[in-house]
Amino acid sequence: METVVIIEDDPEIRALLEIRLRKAGYRVLTAADGEAGLALVKAERPGVVLCDLMMPRLHGYAVCQAISADPDLAGTRVIISSAKGYPADQQKARELGAFGYLVKPYDFDQMVAEVRRASESVGPLMRVKFWGTRGSIPAPGPSTLRYGGNTACVEVRCGNQILMLDCGTGAREMGLALSKETQGKPVEVHILVGHTHWDHIQGFPFFQPAYSAGNRLIIYSLRGSDKSLEKVFTGQMDGSYFPVSTSDLAAHLQFVELDGPIQIGPACISHFYLNHPGLAIGFRIEAGAKTLVYVSDHEPYWRMSGDNPLNRRLEHELDDFARDADLYIREAQYTVEEYAAKRGWGHSTWPDALESAHRAGARRLALFHHDPQRDDASLDHIVQQCHQYMREHGMVFHCLAAADKLELTL
């Protein structure tokens, strides 16, 4: 159910709008002043905000501008609702990011139609939740509580489709949450595996939906160099390693070996070869006007094999793959100092991730695949270093370190 936030200081108008929007099928939340309304929008991330202009505590223009500037609210549309019908006010609202402008008094059917138009303009929203952000091996413990210790697993909701990027140990908690959400109803999950090293598939045997009849799990990746994708997954559940085999799983399993772009509901998904031992790919997911790029794991060619035109060109091809991403999830396991001792292990440094995001024109970068030796304080320090590096090099995108349970909306 789409959420609409009404920010309106007149209690009668607020009540009438709420009744009409609820009747139209929307979940409606309200606030009586601009400051409370903006806080509500940041907490709920609604699809549409219906906002008055002349309000106490924070003017509607300031609310509109704050929403437009917040990357976490990229999927939120603001409709100004005001008795001021001057063209100059309407133009100002558009300049500050408003989607529409309704002049009071207006017809309620007109208002609902405008809300619906705003909601549909975004296209299918992508909702992203990190369930595992660690690289190589799980790192649970008191020193990793804030960023988490699970290995790679990212949930992406695109329209009604449920995607999973890699199924490291974070897949266990994602599966538990999904089973609680669906309450026994059949569910279909599309699992996109960047590569089949242990830290990217070890959560699959503990993914609870795999044990429920009626569920469908479709697993996508490359064919292995010496065995099929299906054999890789059945192999890790061989009796020598695990007490339950894939043939015992109640869900229907399907394995798809990628050879080009695929379409899953509204999402067009392409892949790109990465520089990592064995076969590894990154994914680009495009739906509506939104793009997510997932790159884990990758070692820059020029770092590993020398700074020359060929290796720089290969690196720029990856930048092109990530071009204009709304969210670029990028492996950044090492510092430059650490890399000196780990060259050839298949991983990047955090400056590599920043430079790639900058060249690609990404809007937001999530550092990912954190080293298992990295505690919360060390990751905080790396984020601080990233922000300083960005200031010094004129980089303007938003940068953060991914954390288990972190949720983002595109």
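Any idea how many residues of the stretch 40-75 are in a helix (DSSP H, G or I), surrounded by 23 or more Cβ atoms within 10 Å (Cβ to Cβ) and among the acidic types (Asp, Glu)?
The number of residues fulfilling the criteria is 0.
Is it fair to say Lys92 is exposed (fewer than 14 other Cβ atoms within 10 Å of the Cβ), farther than 30 Å from Tyr328 by Cβ and basic (Lys, Arg)?
no
Regarding Asp166, is this residue among the charged types (D, E, K, R) and in contact with a Leu (Cβ under 9 Å, 6 or more places away or on another chain)?
Considered against the rule, which asks whether it is among the charged types (D, E, K, R) and in contact with a Leu (Cβ under 9 Å, 6 or more places away or on another chain), Asp166 comes out as yes.
What number of residues within the stretch 291-325 are surrounded by 22 or more Cβ atoms within 10 Å (Cβ to Cβ), within 16 Å of the chain's Cα centre (by Cα) and not polar (S, T, N, Q)?
6
Just one of (1) closer than 20 Å to Tyr294 by Cα; (2) surrounded by fewer than 21 Cβ atoms within 10 Å (Cβ to Cβ) trips up Gly184, so point out which.
(1)
Please verify whether the stretch 10-21 includes one or more residues that are surrounded by fewer than 15 Cβ atoms within 10 Å (Cβ to Cβ), free of Cβ contacts under 8 Å to residues at least 60 places away in the same chain and basic (Lys, Arg).
Checked against the condition, which is being surrounded by fewer than 15 Cβ atoms within 10 Å (Cβ to Cβ), free of Cβ contacts under 8 Å to residues at least 60 places away in the same chain and basic (Lys, Arg), the stretch 10-21 yields no hits at all.
Confirm whether Asp404 is buried (at least 17 other Cβ atoms within 10 Å of the Cβ), touching a Gly at 6+ places or on another chain (Cβ under 8 Å) and part of a loop (DSSP other than H, G, I, E, B).
For Asp404, the condition - buried (at least 17 other Cβ atoms within 10 Å of the Cβ), touching a Gly at 6+ places or on another chain (Cβ under 8 Å) and part of a loop (DSSP other than H, G, I, E, B) - is met.
Filter the stretch 230-253 for residues that are over 18 Å from Gly194 (Cα atoms) and small (Gly, Ala, Ser) and give the result.
Gly239, Ser240, Ser245, Ser247, Ala250, Ala251
Is it true that some residue in the stretch 27-39 is in a helix (DSSP H, G or I) and under 21 Å from Arg117 (Cα atoms)?
no
Would you mention how many residues in the stretch 383-394 are of a type in the set (A, V, I, L, M) and within 21 Å of the chain's Cα centre (by Cα)?
Count: 1.
So which residues in the stretch 148-167 are assigned to a loop (DSSP other than H, G, I, E, B), surrounded by 23 or more Cβ atoms within 10 Å (Cβ to Cβ) and not small (Gly, Ala, Ser), if there are any at all?
Matches in the stretch 148-167: Asn150, Asp166, Cys167.
Here is a yes/no grid of residues against (1) part of a loop (DSSP other than H, G, I, E, B); (2) over 26 Å from Glu331 (Cβ atoms):
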residue	(1), (2)
Gly214	yes, yes
Val232	no, no
Ala250	yes, yes
Asp259	yes, no
Ser270	no, no
Pro277	yes, no
Ile285	no, no
Thr291	no, no
Asp297	yes, no
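Is at least one residue of the stretch 217-236 farther than 17 Å from Leu163 by Cβ, surrounded by fewer than 13 Cβ atoms within 10 Å (Cβ to Cβ), of a type in the set (A, V, I, L, M) and in the same structural domain as Cys167 (by TED's automatic domain parsing)?
Looking for residues that are farther than 17 Å from Leu163 by Cβ, surrounded by fewer than 13 Cβ atoms within 10 Å (Cβ to Cβ), of a type in the set (A, V, I, L, M) and in the same structural domain as Cys167 (by TED's automatic domain parsing), one finds none in the stretch 217-236, hence no.
Just name the residue that is farthest from Asp72 (Cα to Cα) out of those in the stretch 323-342 that are among the aliphatic types (A, V, I, L, M) and in a strand (DSSP E or B).
Selected residue: Ile329.
Looking at Phe99, Phe130 in this structure, which one is under 16 Å from the mean Cα position of the chain (by Cα) and either closer than 22 Å to Tyr61 by Cα or surrounded by 17 or more Cβ atoms within 10 Å (Cβ to Cβ) (or both)?
Numbers: Phe99 fails: under 16 Å from the mean Cα position of the chain (by Cα).
Exactly one residue qualifies, and that residue is Phe130.
When the residues of the stretch 362-382 are narrowed to those that are crowded, with 24+ Cβ neighbours inside 10 Å and not small (Gly, Ala, Ser), which ends up farthest from the chain's Cα centre (by Cα)?
First, pick out the residues of the stretch 362-382 that are crowded, with 24+ Cβ neighbours inside 10 Å: 362, 365-370.
Subset that is not small (Gly, Ala, Ser): 365, 367-370.
Working: Leu365: 10, Leu367: 12, Phe368: 12, His369: 15, His370: 17 Å.
Here the answer is His370.
The values are calculated or read from the model by the stated rules, or taken from the named source; none is laboratory data. Predicted, not measured: the structure shown is a model, and the values here were computed from it. Note that each Cβ is placed from the backbone with ideal geometry, even for glycine, and that neighbours are counted across all protein chains shown.
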